[in-house]
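Student: One structure, pasted below without further comment.
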Amino acid sequence: METIWLTGAEWLAVLRIGLGLWWLESWRHKDKKGWFERGTGIAWAADVAAKHRWSAVQGGFAAVVAPRPKAMAYVVVYAELALGLGLTVGFLTPIALVGGLLLNLLYLVLMIHDWAEQGQNAMMALISCVALFAMSWQTWSLDNAFGIFG
């Protein structure tokens, strides 16, 4: 593969690192006090789920998230941090890419009515797929430095 400036593997690493930075920004801009102490994030998601046009989303939210809002707030916020760190430094990269893909698909389904959110989550999911199937951890990653995932 011919590329300009960097090799193909290095461009894939740039894509992976950029996705990691995107997750870190998602984590950074969250009002953690609001999410953890006042429950604002889960309350917002509950409102979105309650109005969702798919009953499976309403039922899934009621069964999984609603009974444990505080725990789910921590899961969401710290999953975004873990994904961002893992992808940026390339540690457990395939696991982070699959986790990020699943989280983006979950967000995509929850926010089906919001085109701006759908665009962001669709692009992040696409980048996750490319970075995963192209094995973007082969360059500039702790996985490569430690010989993890060959």
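Student: What share of Cα pairs, in percent, lie more than 16 angstrom apart in the stretch 1-123? Please list the in-between numbers first.
Tutor: On the way: 4967 of 7503 pairs.
Percentage above 16 Å: 66.
Student: If you place +1 on the Cβ of every Lys and Arg and -1 on the Cβ of every Asp and Glu, how big does the dipole about the Cα centre of the chain come out, in debye to the nearest 20? It would help to have the intermediate numbers written out before the result.
Tutor: Numbers: 10 positive and 10 negative charges, 116 e Å.
That gives a dipole near 560 debye.
Student: Follow-up question, since we're still on this one. From the backbone phi of the stretch 136-150, what are the Karplus-calculated ³J(HN,Hα) couplings (6.51 cos²θ - 1.76 cosθ + 1.60, θ = phi - 60°) in whole Hz, Gly and Pro given as x?
Tutor: Working through the residues one at a time gives 5, 7, 6, 9, 6, 9, 5, 4, 5, 4, 8, x, 8, 6, x Hz.
Student: Are there trypsin sites (Lys or Arg not before Pro) in the stretch 44-150 that DSSP puts in a loop and that have at most 12 other Cβ atoms within 10 Å, and which ones?
Tutor: Here the sparse-neighbourhood loop sites are Lys51, Arg53.
Student: Show me, for the stretch 33-45, the HN-Hα J-couplings you get by feeding each phi into the Karplus relation (A = 6.51, B = -1.76, C = 1.60, θ = phi - 60°), rounded to Hz, glycine and proline as x.
Tutor: Each residue's phi maps through the Karplus curve to give 4, x, 5, 8, 9, 9, x, 5, x, 6, 4, 4, 5 Hz.
Student: Angle check, please: helix 93-110 long axis (alpha carbons) against the longest principal axis of the chain (alpha carbons), in degrees 0 to 90, nearest 10.
Tutor: 30 degrees
Student: Follow-up. Starting from the residue with the highest accessible area, list Phe36, Phe133, Phe149 in decreasing order, probe 1.4 Å.
Tutor: Result of the area sort, largest leading: Phe133, Phe149, Phe36.
Student: Would you mind counting up the charge near Gly59? Only other residues with Cβ under 15 Å from its Cβ, with Lys and Arg at +1 and Asp and Glu at -1.
Tutor: Within the 15 Å Cβ shell, the charges total +2.
Student: Please give the calculated 222 nm ellipticity per residue for the chain, where each DSSP H segment of at least 4 residues contributes -39500 (n - 2.57) and the sum is spread over every residue; nearest 500 deg cm²/dmol? Working shown, then result.
Tutor: Working: 7 runs with 101 residues, N = 150.
Calculated at 222 nm, the ellipticity per residue is -22000 deg cm²/dmol.
Student: Please compute the per residue accessible area over the chain with all protein chains in place, 1.4 Å probe, rounded to a whole number of Å². Please list the in-between numbers first.
Tutor: Numbers: 8510 Å² over 150 residues.
Counting only protein heavy atoms, the per-residue value for the chain is 57 Å².
Student: If you don't mind, another one. Ignoring ligands, DNA and RNA, what percent of the accessible area of the chain is carbon or sulfur (1.4 Å)?
Tutor: That share works out to 71 percent.
Student: Taking 0.36 nm per residue of separation and subtracting the Cα-Cα distance, what length does fully extending Ile95 through Ile148 add?
Tutor: That works out to 17.9 nm of additional length.
Student: Further question on the same structure: Using the basic label-point model (7 angstrom from Cα toward the beta carbon), what is the Val109 to Lys70 distance in nanometres?
Tutor: In this crude label model, Val109 to Lys70 measures out at 2.8 nm.
Student: For Trp44 and Tyr78 in the same chain, what is the full-extension length gain: residue separation times 0.36 nm, less their Cα-Cα distance, in nm?
Tutor: Stretched out fully, the Trp44 to Tyr78 stretch lengthens by 10.5 nm.
Student: Could you sort Val77, Val98 by their accessible area in this structure, using a 1.4 Å probe and putting the largest first?
Tutor: Details: Val77 0, Val98 60 Å².
The ranking, largest first, comes out as Val98, Val77.
Student: To continue, here is another question. Hey, rough spin-label estimate for Phe36 and Glu10, points 7 angstrom out along Cα→Cβ, what's it come to in nanometres?
Tutor: 4.0 nm
The values are calculated or read from the model by the stated rules, or taken from the named source; none is laboratory data. Everything numeric in this text was worked out from a predicted model, so none of it was measured. Glycine gets a Cβ as well: all are built from the backbone with ideal geometry, and neighbour counts include every protein chain shown. Accessible surface is based on the protein model in full, side chains and every heavy atom, while ligands, DNA and RNA are left aside. Shrake-Rupley method; radii C 1.70, N 1.55, O 1.52, S 1.80 Å.
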